[in-house]
Amino acid sequence: MKRHFQISRIKPNASMATPSVLPSGFTFVDNFQGATAAVSELSTAIETALEQMSLGVDLGLQLKQLVHGLDKEGSTYDNSKVNEQIPCSEWQCSRATAELVSLAWNCTHETYNTANDIVDPSRYSVQCEFVETPSLGEGVKAWTSTLVSPLSNSAEKSEFLPVLVVAIRGSASSMDHVVNVNEPPRDASHFIDPSVSSNPGLLANATLLKQAEALSESVSQRIQLYADARGQHPKHVLLTGHSAGGAVASLLFLHYISKSGLGKRARFSCVTFGSPPSIAGPIDVSRYHSTNSATIAVNLVNEFDLMSRADSTYAMSLVNLARSTYGQRPIPLDEGGSSSSSGTREPSPTLTRDLSASSRNVWPVPKLGCHHVGSRVVLMMRLDEDEIQLRAVEVPDSEFEKLLFCRMSVHNGVCYSERIQLIQDGIFNRRRGWTGKEVQGPINPKCL
């Protein structure tokens with residue numbers, strides 16, 4: 001069932017925008033509103049816009065104004081893009097890793113459109129062995145399992161192959177679920193061993209954790225069958241997904257490497273695309289990779305992708321950014337992070353601290369409430385030597401949490417497909433291909 005977003009009726013209010021500014025049609029912009037209601041309305045608007053963009057449906061006037069307004073206003077701040085002066089290292093990606101990332105994306109894309117060819121049939125043997133459709137009830141997401149093996153006559157040998165790829169589909173309601181302010185993070189220690197976190201206790205986004213738990217039994221059964229069939233041969237499982245599907249995949253990855261007996265029968269990798277963070281507190285998986293060779297855990301994020309930062313506190317910052325485009329004052333927060341019912345308190349310093357003394361024009365954003373699992377690679381299109389080129393850099397939490405990403409168009413599959421193809425071809429970080437001879441002309445990206 002598709003969700004149709006309805007614009008709220010605007011009621012006269014003392015806090016309405018000045019007569020010189022046209023009303024937006026959104027209650028959270030035009031009227032003074034509590035933080036919880038404001039975040040909920042913004043989340044619904046964003047998820048509707050994302051769904052309509054993915055379907056190629058023209059946005060209505062008010063949604064279009066919101067989408068363009070957030071992007072335009074956000075782009076005026078210095079922290080709307082990755083500062084190339086900060087200590088971010090270029091992603092060290094081998095050809096084998098690039099091919100695994102490409103396989104992950106192709107299988108992820110297949111969960112949305114099963115008519116696509118997953119990989120080059122001249123190089124790989126592909127068996128799509130299982131397709132799970134989503135349940136009508138809440139919780140179970142669609143997913144597929146695909147066994148990918150290299151052909152015996154393939155010139156390149158990969159340490160990652162053969163591999164069972166478990167791809168989990170995102171959902172149109174990702175934004176609304178991920179930033180649900182009425183459902184605080186849940187204890188995840190029953191599902192993931194707390195030893196993977198440096199913080200005492202282990203909390204995860206409640207909705208994403210619920211979805212991972214709902215999938216764990218059926219996914220585990222499929223992995224068990226794969227491990228049995230492989231016998232004494234090496235076993236590699238890749239968990240992947242786009243948007244909220246990737247966040248669920250990362251929770252399953254942590255479950256298998258820390259809590260499940262399957263972690264001793266196979267080695268696991270995780271590759272996500274444009275996924276929101278899912279775990280409260282930094283996660284260190286380096287020890288797992290050091291004892292399990294030929295495994296990776298990486299989150300690929302298009303620069304500006306709003307979903308890569310989605311949580312309730314970040315959504316509140318976007319609420320106030322949207323209000324600023326219409327000349328409205330920020331919605332105040334109390335010390336606990338919720339709105340003041342009277343509307344008379346000063347805004348929380350976390351979201352509206354005075355940055356006038358800073359040498360840069362920065363929109364204040366909250367620190368990360370949740371974290372990605374594994375390294376985070378931001379994919380950026382940059383003008384270099386008079387050409388648009390792809391740069392892939394690893395951005396640490398300390399820098400990522402300063403970024404104001406509020407563009408929706410770069411979250412779609414077209415943008416990720418284009419950039420993953422460049423990575424597969426070795427055309428990034430000033431490379432011209434894996435042999436240096438593949439590319440003869442300039443790159444003409446459709447998505448920036």
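Give me a count of the residues in the range 76-112 that are hydroxyl-bearing (Ser, Thr, Tyr) and outside any helix (DSSP H, G or I).
Of the residues in the range 76-112, the ones hydroxyl-bearing (Ser, Thr, Tyr) are 76-77, 80, 89, 94, 97, 102, 108, 111-112.
Those still in the list that are outside any helix (DSSP H, G or I) too: 76-77, 89, 94, 111-112.
Total satisfying the criteria: 6.
Taking the range 256-279 as the range and being at pLDDT below 90 and either among the polar types (S, T, N, Q) or farther than 21 Å from Arg222 by Cβ (or both) as the test, only Ser260 passes.
Looking for whichever is touching a strand residue (DSSP E or B) at 6+ places or on another chain (Cβ under 7 Å), over 19 Å from Ile420 (Cβ atoms) and small (Gly, Ala, Ser) here; the options are Gly281, Gly261, Gly241. Which one fits? Reasoning before the result, please.
Numbers: Gly261 fails: touching a strand residue (DSSP E or B) at 6+ places or on another chain (Cβ under 7 Å); Gly241 fails: over 19 Å from Ile420 (Cβ atoms).
It is Gly281.
Just so you know, in the range 294-317 the residues that are in contact with a strand residue (DSSP E or B) (Cβ under 8 Å, 6 or more places away or on another chain) and small (Gly, Ala, Ser) include one that is surrounded by the fewest Cβ atoms within 10 Å (Cβ to Cβ), and it is Ala294. Among the residues that make up the range 89-111, is at least one of them surrounded by 12 or more Cβ atoms within 10 Å (Cβ to Cβ) and at pLDDT below 80? Among the residues of the range 89-111, not one is surrounded by 12 or more Cβ atoms within 10 Å (Cβ to Cβ) and at pLDDT below 80, which makes the answer no. Of all residue pairs spaced 6 or more apart or on separate chains, those with beta-carbon atoms under 8 Å, a first member in the range 412-431 that is in contact (Cβ under 8 Å) with a residue 40 or more places away in the chain and a second member that is part of a helix (DSSP H, G or I) and of a type in the set (Phe, Trp, Tyr) are Tyr416/Trp105; Ser417/Trp105; Ile420/Trp105.
Quick one: which residue in Val285, Val219, Val248 is more than 21 Å from the chain's Cα centre (by Cα), in the same structural domain as Ser189 (by TED's automatic domain parsing), more than 17 Å from Gly413 (Cβ to Cβ) and not basic (Lys, Arg)? Quick ask: steps written out before the conclusion?
Details: Val285 fails: more than 21 Å from the chain's Cα centre (by Cα); Val248 fails: more than 21 Å from the chain's Cα centre (by Cα).
After ruling out the rest, the residue left standing is Val219.
The values are calculated or read from the model by the stated rules, or taken from the named source; none is laboratory data. Predicted model only: the values in this text are computed from it and were never measured. Cβ sites come from the backbone with ideal geometry, for glycine too, and all protein chains shown count toward neighbours.
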